[in-house]
Amino acid sequence: MNQSEFDNLLQTAIERDLTDGELARLQRWLAANPTDQAEWEALDHLLASLPDTPVATNFTARVLDEVRRAETAHPALDQAWWQRLLSPQFRPIQIAAAATLAMVLGDVGYQSHLKQSRAEMAAAVAAIAEFTPGFLADFEAIEAIAQADPIDEELWAALK
Amino acid sequence: MVDRNDPDVALMLRVKEGDLSAYETLVEKFKQPVMNLVYRLINDIDEAEDIAQNVFVQVWKTRERYEPASKFTTWLFTIARNLGLNEIRRRTRHPADSLDEPRPDNESQPLRVVEDRSSPIPADAALSGELRAKVEEALMDLPEKQRTALLLCREGGVSYEEIADVLGGISLTAVKSIIFRGRAVLKNRLKPYLKSGEWQKK
C-alpha cells in the first residue's frame, strides 16, 4: 500500500465500515509509517487530554439520599420475590390474579357439574330403554284403536 | 466468567448483598467516568448529572440481577449509555422541552440544586480553550456509536470486547471499524491542529 492508497482508505473509513482486510492493511501501514502513526497518536492524545467533566461535590451524597429514599418507599427489596408480590405496589396484579383464580375455580366447578348431569342423564336413558319394547306394544295397540273405523251408531243402539 | 476476586466485581457482589458502604465506594470510584460518558453523550452538564446519578440509582435497584458474567464496568457503562440514549430520544420527541420552563406544580422552587463543581476546568489545562472546544465539537458531531466507542477508549482499561458489549453485543470487527471511522473523521476535522502540534502546547 502507498500513501495515496492509505489516504483513500481513510476516506473510505469516513464513508463506511471497513472490512477485516482493510483494517489489517491500515494497521500494517501505520506500523510501518511513523509519521502517520504519530498523527494517530496525536489524536489519541488530544482525546485523552480533554478535561474530565466537572462533578458536583455532593454527587455521592445525593445518590445515597436517593437510594435511601427509594429503600424507605420500597423496603420490600430485601424480601423474597413472592413476598414482594404481596406488597401494595402490586395491588393490580393481586386483583387480576384473584379474579383469574376465581374464574378457574368457577370453570372447574361448572365442568364438574356438567359431568355429573351427563352421567345422571345417561343412567335415566338407559333405564327408559329397558321399558321400550312393552311400552311400544301398548302404544301400537292404542294407536290402532284410535285409527279404527268410526262406531256404527245404529248398530250400537240395536245392540243395546 | 469474570474473576470474582476482581476488586470491582467483589465490591459489586457486596452491593448485591445490600452493602451500602461498598455501594458508596463504587459511586465514588466511577462517578467521574460515568459523568464523562453521559455528558459527552447528551452535551448538557446539568442533565448529565441527573442522568449519572440515576445510573447509580439503577445499579442499586437492579443489584440483585447482577451476575459477574462480565466486568462491572461493562454493566455500568451499558446502563449509562442506555439512560443517555433515552434522554437523546426524549429530546428528539420533545425538542421544545427546556430546563428554563417552570414546573407547574412547584414554580417557586429551583429546578435543581447543583453544588459547586469539585473539579473546575483549570485555566492551564493541557488543551487551550479553543482547541478543546474544537475537539469537543468534533466529538459531538460523531454518530453516537462512534462517539461512545471513542469515549470508552479514552477512559482507559476498557477493552474492545467490553465496548462491543456496551454497544449492544456487536462484533469485534465492527468495534474496530467504528473506532477507526470515528478517528478518521476526527483526524480529518482536526488535521490543522494535529499537523501544527498545537495539541502539545500548554
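The values are calculated or read from the model by the stated rules, or taken from the named source; none is laboratory data. The shown structure was predicted, so the numbers you read here are calculated from the model rather than taken from an experiment. So basically every Cβ, Gly included, is an ideal-geometry build from the backbone, and we count neighbours across all protein chains shown. These area figures cover heavy atoms from the full protein model, side chains too; ligands, DNA and RNA do not enter into them. Shrake-Rupley method; radii C 1.70, N 1.55, O 1.52, S 1.80 Å.
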Seminar exercise, completed: Taking the stretch A:41-68 and keeping residues more than 7 Å from every other protein chain (Cβ to nearest Cβ) and at pLDDT below 90 leaves A:Glu41, A:Asp44
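Residues are listed down the side, and each one gets a yes or a no for (1) open to solvent by 10 Å² or more (accessible area, probe 1.4 Å); (2) part of a helix (DSSP H, G or I); (3) within 23 Å of B:Gly157 (Cβ to Cβ):
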{"site": "B:Arg40", "(1), (2), (3)": "no, yes, yes"}
{"site": "B:Ala48", "(1), (2), (3)": "no, yes, yes"}
{"site": "B:Asn54", "(1), (2), (3)": "yes, yes, no"}
{"site": "B:Glu67", "(1), (2), (3)": "yes, no, yes"}
{"site": "B:Trp75", "(1), (2), (3)": "yes, yes, yes"}
{"site": "B:Arg90", "(1), (2), (3)": "yes, yes, no"}
For this session: Kindly indicate the residue of the stretch A:54-71 that is of a type outside the set (Asp, Glu) and in contact with a Leu (Cβ under 9 Å, 6 or more places away or on another chain) and also surrounded by the most Cβ atoms within 10 Å (Cβ to Cβ) among those meeting that condition.
Result: A:Val67
Exercise. Quick check: is even one residue across the stretch A:69-82 modelled with pLDDT of 85 or more and farther than 16 Å from B:Lys187 by Cα?
Worked result: yes
Exercise. Can you tell me which residue in the stretch A:1-45 is farthest from B:Cys153 (Cα to Cα), limited to those that are among the hydroxyl-bearing types (Ser, Thr, Tyr) and loosely packed, with under 11 Cβ neighbours inside 10 Å?
Worked result: A:Ser4
Problem set entry | Total residues in the stretch B:143-180, condition small (Gly, Ala, Ser), buried (at least 16 other Cβ atoms within 10 Å of the Cβ), under 14 Å from the mean Cα position of the chain (by Cα) and facing chain A (nearest Cβ under 10 Å) | 0
Exercise. Is it fair to say B:Gly157 is on the phi > 0 side of the Ramachandran plot and modelled with pLDDT of 90 or more?
Worked result: no
Exercise. If you go through the stretch B:92-108 one residue at a time, do you hit one that is outside any loop (DSSP other than H, G, I, E, B), among the basic types (Lys, Arg) and modelled with pLDDT of 85 or more?
Worked result: no
